[in-house]
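The values are calculated or read from the model by the stated rules, or taken from the named source; none is laboratory data. Computed from a predicted model, the values in this text were never measured in an experiment. No Cβ is skipped: glycine too gets one built from the backbone with ideal geometry, and neighbour counts run over all protein chains shown. Calculation scope for accessible area: heavy atoms of the full protein, side chains included, ligands and nucleic acids excluded. Shrake-Rupley method; radii C 1.70, N 1.55, O 1.52, S 1.80 Å.
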Amino acid sequence: MNASAPTTAETLRSTLGGLLDGLPPKQAAAAVERLIASYRGQTPTDAPVLRDRSDVAAYAAYRMPATFEAVRAALDGLAEAAPDWTPGSHVDVGGGTGAATWAVDATWDGPRETTVLDWAEPALALGKELAAASGSEVLRGADWRRAVIGSGLALPDADLVTVSYVLGELTPQARTAVVAEAARAGQAVVLIEPGTPEGYLRIREARDQLIAAGLRVAAPCPHDGTCPIEVGQDWCHFSARVSRSSLHRRVKGGSLPYEDEKFSYVAATRFPAERAAFRITRKPQIRKGLVLLELCGPESGDSAGLTRVNVTKRHGDLYKAARDADWGQEWPPSA
């Protein structure tokens, strides 16, 4: 894994600030409002969300830092399951301004070949500008191509295919086609959606499709069985902390120096991966002398795969590990 990940995040924030200076505040605010509606699923699907330069600039300021952190967290799950694997090639489907490409660069030293596909020319143009100012040879060497993301999509074969915050923009038919093509083209496929009940359902559906196509789940699930969550009762999602720059706070109208991005994801591979024995599915609850962990694990007997574990002081080092454990991590921690 790439030890320069924090530096990459800082570079992204500063690069965004440099390129977006001068964007009229009212124009940015109007574009942000429309993008929020799209993000929450209130706009028609099967059409590009980013229409022009102001949309793209607002999107980059409003969503790119959060998308970067969510994708990086999902990629960390894959990297932990396959620590000796590094992608030599990467295709980012619906990559927009390239947040996932930045996240891949922050996770691994590579890949050598990167292709970003999107149907919005303004997004690709700004993404290329950001990459050129990044200082990363990988990002500067990326190939930015216009493509219709939907039925009929043809991807080049790649070690890694990412599809982040895209499936919700597509019709069900187009969504199925994109996941099928990602499964065909990629040795590893990582899909990320908003951490909402609807986003989780899209990931759940795509997870089943990837398994049916012959891939094995590497993260976050500890198994390839049916998701044990009862639809309508709960949803599987995780959280990534996002540092806000002054530009980010200004565009989003917030005052805190950070926010928490909720996301759902699945990473699946055609090569062996050592997935977690159990996954922490909620923020650990720390009490006096006790840590309550909610876990997802392999199905066994009458167990549905979801369990609650109380870790107490009598568990020794495991108790110390539980107090330091975080939402989304494997359990028990690897040595």
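Among the residues of segment 195-224, which ones are modelled with pLDDT under 95 and touching a helix residue (DSSP H, G or I) at 6+ places or on another chain (Cβ under 8 Å)?
Scanning segment 195-224 gives a single hit, Asp224.
If the requirement is being surrounded by 20 or more Cβ atoms within 10 Å (Cβ to Cβ) and either assigned to a helix (DSSP H, G or I) or charged (D, E, K, R) (or both), which of these qualifies: Gly96, Gly77?
Gly77
Would you be able to tell me the number of residues in segment 184-230 that are among the charged types (D, E, K, R) and under 16 Å from Ser164 (Cα atoms)?
Qualifying residue count, segment 184-230: 6.
If we keep just the residues of segment 156-190 that are part of a loop (DSSP other than H, G, I, E, B) and open to solvent by less than 10 Å² (accessible area, probe 1.4 Å), which is nearest to Arg216 (Cα to Cα)?
The qualifying residue nearest to Arg216 (Cα to Cα) is Val166.
Give segment 189-218 a look and list any residue that's of a type in the set (A, V, I, L, M, F, W, C) and in contact with a Gly (Cβ under 8 Å, 6 or more places away or on another chain), or say none.
Ala218
Collect the residues in segment 288-315 that are modelled with pLDDT of 95 or more and exposed (fewer than 14 other Cβ atoms within 10 Å of the Cβ), keeping them in residue-number order.
Result: Asn310, Thr312.
Can you pull out every residue in segment 199-208 that is out of contact with any Lys or Arg (no Cβ under 9 Å at 6 or more places or on another chain) and not hydroxyl-bearing (Ser, Thr, Tyr)?
Answer for segment 199-208, where residues must be out of contact with any Lys or Arg (no Cβ under 9 Å at 6 or more places or on another chain) and not hydroxyl-bearing (Ser, Thr, Tyr): Leu201, Ile203, Arg204, Arg207, Asp208.
Every residue in segment 122-134 that is open to solvent by 60 Å² or more (accessible area, probe 1.4 Å) and not aliphatic (A, V, I, L, M), please.
Residues satisfying the conditions are Lys128, Glu129.
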